[in-house]
Structures are given as C-alpha cells and as structure tokens.
1. Which condition from (1) polar (S, T, N, Q); (2) within 19 Å of Leu129 (Cβ to Cβ); (3) open to solvent by 40 Å² or more (accessible area, probe 1.4 Å); (4) assigned to a helix (DSSP H, G or I) is the one that Thr99 breaks?
2. Would you mention how many residues in the range 188-205 are under 14 Å from Leu90 (Cβ atoms) and part of a helix (DSSP H, G or I)?
3. For the range 27-60, what are the residues that are under 21 Å from the mean Cα position of the chain (by Cα) and of a type in the set (Lys, Arg)?
4. Quick test for you: out of Ala21, Ala15, pick the one residue that is at pLDDT below 90, assigned to a helix (DSSP H, G or I), within 19 Å of Met125 (Cβ to Cβ) and under 21 Å from the mean Cα position of the chain (by Cα).
5. When you scan the range 104-117, do you find a residue that is assigned to a helix (DSSP H, G or I) and free of Cβ contacts under 8 Å to residues at least 12 places away in the same chain, even just one?
6. Has the range 82-91 got at least one residue that is surrounded by fewer than 18 Cβ atoms within 10 Å (Cβ to Cβ), touching a helix residue (DSSP H, G or I) at 6+ places or on another chain (Cβ under 7 Å) and closer than 30 Å to Leu179 by Cα?
7. Could you check the range 142-166 and list, in sequence order, the residues that are part of a helix (DSSP H, G or I) and surrounded by fewer than 19 Cβ atoms within 10 Å (Cβ to Cβ)?
8. Within the range 93-136, take every residue that is among the polar types (S, T, N, Q) and at pLDDT 85 or above and give me the one that is nearest to Val73 (Cα to Cα).
Amino acid sequence: MRANYDTTKRHILDAGQKIIAVKGFSGVGLSEILSAAAIPKGSFYHYFGSKEQYGRALMEQYVDDYLQALEEVLQIAVQPAQEPARERLLRYWSHWRDTQSGTEAMDKCLVVKLSAEVADLSDDMRLVLCEGTRQVMARLADCIAEGIADGSLRVELEPQKTAQMLYQLWLGASLLGKLQQDRSSLENAMEITLDVLAAPRPQTP
C-alpha cells in the first residue's frame, strides 16, 4: 500500500513539475495540475492539503533528485573516486550548460525558475530551496577540497568561497540565458569556471 501511495504521489508531482517549470508556480492552476496528472480533485487532496503544500512537496522532491544526481556526477559515495575532482566538477558544469540551454522542461533548474517567485509567495517553499542550495554548495565545496588534495586544483582555492562564487555565477548566467534566449551567458560562465578551476602549473625544477 505504501509503495502505491508513494508512486501515485510521485506521479502527481512529476506531472506538475513539467508545467510549473514552464509557467511558474502562480501561473499554474490546480485544475491544470489535475488534468496533467489525470486525477480527480479528491485524489489530489488525499496527498496534499493545499496547493502550497503541493508546492513544498514539489520543491523537496526536486532538491532530493538534484542532490542525488549531483552526488553521482561528483562521485560523492565512490571511495576512492574514479577521476580527479577537477574532471568531475567540469562535467557537472558542462551538464548544467547543456541542459539549461535546451528546451526540455524537466531539465530546467527550478531554483532559477522559481526562487524569486516563491521567496515572496511562500516561506515554506523558500526555506526548502534555500536549504537545497546550501547543500549543493556544500557538496561542491567538498569536491573542490578533494581537488586540492588530489592535486588537480590549485592549493590557493578556498573551497567554500569558490563553490559559492561559481554557483552564484551559474545561477545568474542561467537567468540571463532565459532573458536573452541564447546560451552566450552560459558559455561565458564556462570560460570563467575553466579559469577558476585551472589545473596547477607544473613546478619548474
């Protein structure tokens, strides 16, 4: 029974995410979510007490999914890691550039799409996204620290500050990309990231 409950709840959240990623949270009515999920209103309220509760659950699911994918890319649970940390970090940023410049709604970053909107609309949703971004930066910082330790990144980098700066850079580049409707800002972010995460220079004898 629990498995069926979780599967149906996930289905409703996934259906809503596809349209919310395009229209925003306020721009999608409950009837549109019901139609996308092909469920009656009574079924919706069996899983969510309100649209705001639905929004919080959607944010929580998105953060959980994102962190799981991030950990796979950065090989968080792989000991020892199969690749130098620098290569793992650059693969993450390359994936960000390619997905955020595409057209697939489910690939779009909901932090970029919804953060300004939900910050004013719902404190619950704001806190979920706030904690999610904190955890993303913490994992990036850990990987940068690994890169310093394995010799693939420069020792003068400060992991936490570098992770925060790069994450902020890419969020801003993604927002500009939406406004400009091209990928130039994301390409610029990639160039800056390559400079920041440049491999150490070989020491001369």
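The values are calculated or read from the model by the stated rules, or taken from the named source; none is laboratory data. Being a predicted model, the structure only gives us computed values, none of them experimental. Because the Cβ atoms are built from the backbone with ideal geometry, glycine has one as well, and the counts that use them run over all protein chains shown. All accessible areas refer to the heavy atoms of the entire protein, side chains included, with ligands and DNA or RNA removed. Shrake-Rupley method; radii C 1.70, N 1.55, O 1.52, S 1.80 Å.
1. Thr99 satisfies every listed condition except (3).
2. Applying the first criterion (under 14 Å from Leu90 (Cβ atoms)) to the range 188-205 yields 189-199.
If we keep only those that are part of a helix (DSSP H, G or I) as well, we get 189-196.
Residues in the range 188-205 being under 14 Å from Leu90 (Cβ atoms) and part of a helix (DSSP H, G or I): 8 in total.
3. Arg56
4. Working: Ala15 fails: at pLDDT below 90.
Of the residues listed, the single one that is at pLDDT below 90, assigned to a helix (DSSP H, G or I), within 19 Å of Met125 (Cβ to Cβ) and under 21 Å from the mean Cα position of the chain (by Cα) is Ala21.
5. Filtering the range 104-117 for residues assigned to a helix (DSSP H, G or I) gives 105-107, 110-117.
Remaining after also requiring free of Cβ contacts under 8 Å to residues at least 12 places away in the same chain: 107, 116.
Looking for residues that are assigned to a helix (DSSP H, G or I) and free of Cβ contacts under 8 Å to residues at least 12 places away in the same chain, one finds at least one in the range 104-117, hence yes.
6. Step one: of the range 82-91, the residues surrounded by fewer than 18 Cβ atoms within 10 Å (Cβ to Cβ) are 82-84, 87, 90-91.
Keeping just the survivors that are touching a helix residue (DSSP H, G or I) at 6+ places or on another chain (Cβ under 7 Å) gives 84, 91.
Applying the additional criterion that residues be closer than 30 Å to Leu179 by Cα yields 91.
Yes: the range 82-91 contains one or more residues that are surrounded by fewer than 18 Cβ atoms within 10 Å (Cβ to Cβ), touching a helix residue (DSSP H, G or I) at 6+ places or on another chain (Cβ under 7 Å) and closer than 30 Å to Leu179 by Cα.
7. Taking the range 142-166 and keeping what is part of a helix (DSSP H, G or I), we get 142-150, 159-166.
Answer for the range 142-166, where residues must be part of a helix (DSSP H, G or I) and surrounded by fewer than 19 Cβ atoms within 10 Å (Cβ to Cβ): Asp142, Ala145, Ala149, Asp150, Gln160, Lys161, Gln164, Met165.
8. Residues of the range 93-136 that are among the polar types (S, T, N, Q), as a first pass: 94, 99-101, 103, 115, 122, 133, 135.
Next, only the ones that are at pLDDT 85 or above stay: 94, 99-100, 115, 122, 133, 135.
Values: Ser94: 11, Thr99: 14, Gln100: 17, Ser115: 24, Ser122: 31, Thr133: 17, Gln135: 15 Å.
Only one residue tops the list, namely Ser94.
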